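Below: one structure, written as structure tokens.
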Amino acid sequence: MGEQEFLLQQPVIALNDENIFHCEHVQILLDEKPIVEDGQLTIADIGVVKGRIDESKLTLWLE
């Protein structure tokens with residue numbers, strides 16, 4: 001996500017373009033709602049990521 005690397009120890013759905021290392025979309029099922037603070041999301045078992053939450057669609061937008 002962005003220029004950061006994360007180790008995801010759970011199944012995800014990842015959509016990419018021609019480069020397998022460049023994901024356009026990653027879907028992760030979370031057990032806990034992320035903590036939002038100062039434009040960052042703290043996601044349990046993943047870490048801190050820049051982004052925001054769209055409450056209406058239950059979607060996280062990560063930078």
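I want to confirm something. Restricting to the stretch 1-31 and keeping residues that are surrounded by fewer than 10 Cβ atoms within 10 Å (Cβ to Cβ) and among the polar types (S, T, N, Q), which single residue is farthest from residue 44 (Cα to Cα)? By that ranking, first place goes to 19.
Selection of strands (runs of 3 or more DSSP E) fully inside the stretch 1-49 by the criterion of at least 3 residues being aliphatic (A, V, I, L, M) returns 12-16. Look at the stretch 1-25: where a residue is aromatic (Phe, Trp, Tyr) and a partner is surrounded by 10 or more Cβ atoms within 10 Å (Cβ to Cβ), sitting 6+ places away or on another chain with Cβ atoms under 7 Å, you get 6/46; 6/47. Note on the stretch 32-51: residues that are exposed (fewer than 14 other Cβ atoms within 10 Å of the Cβ) and more than 19 Å from residue 12 (Cβ to Cβ) amount to 5. For residue 54, the stated conditions hold: it is at pLDDT below 80, farther than 17 Å from residue 9 by Cα and of a type in the set (D, E, K, R).
The values are calculated or read from the model by the stated rules, or taken from the named source; none is laboratory data. Quick caveat: nothing in here was measured; it's all calculated off a predicted structure. Heads up, the Cβs are rebuilt from the backbone with ideal geometry, glycines too, and the neighbour counts pull from every protein chain shown.
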